[in-house]
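Notes for the one structure printed next.
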Number of protein chains: 2
Amino acid sequence: MSDELLRSLDQAGVRLTGPRREIAALIAKRNGHFTAADLIADASKRRLGVGRATIFRLLDLLAEQGLVERVDLPDGRHAYVPCEPSHHHHLVCVACGAIAEVEDCGIDAVTAEASRRSGFTIESHRLELFGRCPNCRSAN
Amino acid sequence: MSDELLRSLDQAGVRLTGPRREIAALIAKRNGHFTAADLIADASKRRLGVGRATIFRLLDLLAEQGLVERVDLPDGRHAYVPCEPSHHHHLVCVACGAIAEVEDCGIDAVTAEASRRSGFTIESHRLELFGRCPNCRSAN
DNA sequence: CACACAATGAGACCAAGTATCAATACCCCG
DNA sequence: CGGGGTATTGATACTTGGTCTCATTGTGTG
């Protein structure tokens, strides 16, 4: 569950405090994406005494470790997705919020082509795919 | 200059008001990306009496027409880019903010592959490329 | 097991954007 | 060309997502 998050944090040299364990558990319990507001609501619902700031701070830490990533939904909202630290992209189900990760599959060719045409040196990119997961597709 | 923006708005059936003309001129005068705050600052610097809300409203309208697009910079900030209404992606220079547009160049293969692997139906995607434009690359 | 220092929570603050509403200004129609 | 319905406007309050500060607390190292 949340063990993996905690283990990675530990390895990164950050302290494993009570609030962090609790927030990690909340994240692990969710599936698919969530917003910071979701976590804040979860935390206050359970009367964990963790502050807003602590939640944002942990999200930053997790993002630095690549254990969580920020995605910008098509409607402009921000969400976070728990994920593997390796480079990859996300497929987001617009109906239920489920997430799939896809390894790099041909994007390099695209960036190389764009670089050739424009003369830019490309340093990084962001690719997000939005659609419907198998469940939501058949359910509708 | 700003004529093209105004013409497109006219065709979309929106009224061509004074404030809209002024904001369109401000947008046309910038090159590369800009934030809403930039426009608001421009407007107040010149003592045009246009309100914050009007600027956001015009940006929304322009975005609907595809004349402007919102990009999320790697540092998390939001910017707007003036652009062609056809489907395309942006290359953003992280040094000077210059923008290049690239037509679809192989992305479809990537989305098809991702779809095949994940079982998702892909409805839309967002691709942003960050790097250095030819000027900034040589200047450094 | 003490102590330095990282981490916390509370709350003020900030930036970006939205909602409300009375006043204004387009522009269509005659 | 002038009137008037209606889209648009500016001011301002509000919301949401996130950061800063700072006095207090908790961790884990030595």
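The values are calculated or read from the model by the stated rules, or taken from the named source; none is laboratory data. All values reported here derive from a predicted model rather than from experimental measurement. For neighbour counting, all protein chains shown are included, and Cβ atoms are generated from backbone atoms with ideal geometry for every residue, glycine included. Please note that ligands, DNA and RNA were not included when accessible areas were found on the heavy atoms of the full protein model with its side chains. Shrake-Rupley method; radii C 1.70, N 1.55, O 1.52, S 1.80 Å.
Quick check, is B:Ala28 at negative phi, of a type in the set (A, V, I, L, M), touching a Leu at 6+ places or on another chain (Cβ under 9 Å) and surrounded by fewer than 16 Cβ atoms within 10 Å (Cβ to Cβ)? Even if it seems obvious, please write down each step before you answer.
Values: at negative phi: yes; of a type in the set (A, V, I, L, M): yes; touching a Leu at 6+ places or on another chain (Cβ under 9 Å): yes; surrounded by fewer than 16 Cβ atoms within 10 Å (Cβ to Cβ): yes.
Spelling it out, B:Ala28 is indeed at negative phi, of a type in the set (A, V, I, L, M), touching a Leu at 6+ places or on another chain (Cβ under 9 Å) and surrounded by fewer than 16 Cβ atoms within 10 Å (Cβ to Cβ).
Taking residues in region B:51-80 that are over 16 Å from B:Glu22 (Cα atoms), and partners anywhere that are part of a loop (DSSP other than H, G, I, E, B) and near DNA strand C (Cβ under 9 Å from one of its atoms), the pairs with Cβ atoms closer than 6 Å and at least 6 places apart or on different chains are B:Ala79/B:Thr35.
So if I check each of A:Ser115, A:Ser138, A:Ser124, which one is crowded, with 16+ Cβ neighbours inside 10 Å and either at the interface with chain B (Cβ under 10 Å from one of its Cβ atoms) or over 30 Å from B:Cys133 (Cβ atoms) (or both)?
On the way: A:Ser138 fails: crowded, with 16+ Cβ neighbours inside 10 Å; A:Ser124 fails: crowded, with 16+ Cβ neighbours inside 10 Å.
From the options A:Ser115, A:Ser138, A:Ser124, the qualifying one is A:Ser115.
Mind listing whichever residues of region B:79-102 are away from every other protein chain (no Cβ under 12 Å) and outside any loop (DSSP other than H, G, I, E, B)? Within region B:79-102, B:Ala79, B:Tyr80, B:Val81, B:Pro82 qualify.
Within the group A:Asp104, A:Asp10, A:Asp42, which residue is within 10 Å of DNA strand D (Cβ to nearest atom) and among the acidic types (Asp, Glu)? Outline the logic, then answer.
Values: A:Asp104 fails: within 10 Å of DNA strand D (Cβ to nearest atom); A:Asp42 fails: within 10 Å of DNA strand D (Cβ to nearest atom).
That would be A:Asp10, the only listed residue that is within 10 Å of DNA strand D (Cβ to nearest atom) and among the acidic types (Asp, Glu).
Being in a helix (DSSP H, G or I) and either assigned by TED's automatic domain parsing to the domain that holds B:Ala100 or open to solvent by less than 40 Å² (accessible area, probe 1.4 Å) (or both) is the filter here, so list the residues in region B:1-17 that pass it.
So in region B:1-17, the residues in a helix (DSSP H, G or I) come out as B:3-11.
The answer is B:Leu5, B:Leu6, B:Ser8, B:Leu9.
Can you find a residue in region B:38-61 that is under 28 Å from B:Arg137 (Cβ atoms), open to solvent by less than 40 Å² (accessible area, probe 1.4 Å) and either within 12 Å of DNA strand C (Cβ to nearest atom) or not assigned by TED's automatic domain parsing to the domain that holds B:Ala139 (or both)?
First, pick out the residues of region B:38-61 that are under 28 Å from B:Arg137 (Cβ atoms): B:38.
Narrowing further to those that are open to solvent by less than 40 Å² (accessible area, probe 1.4 Å): none.
No: zero hits.
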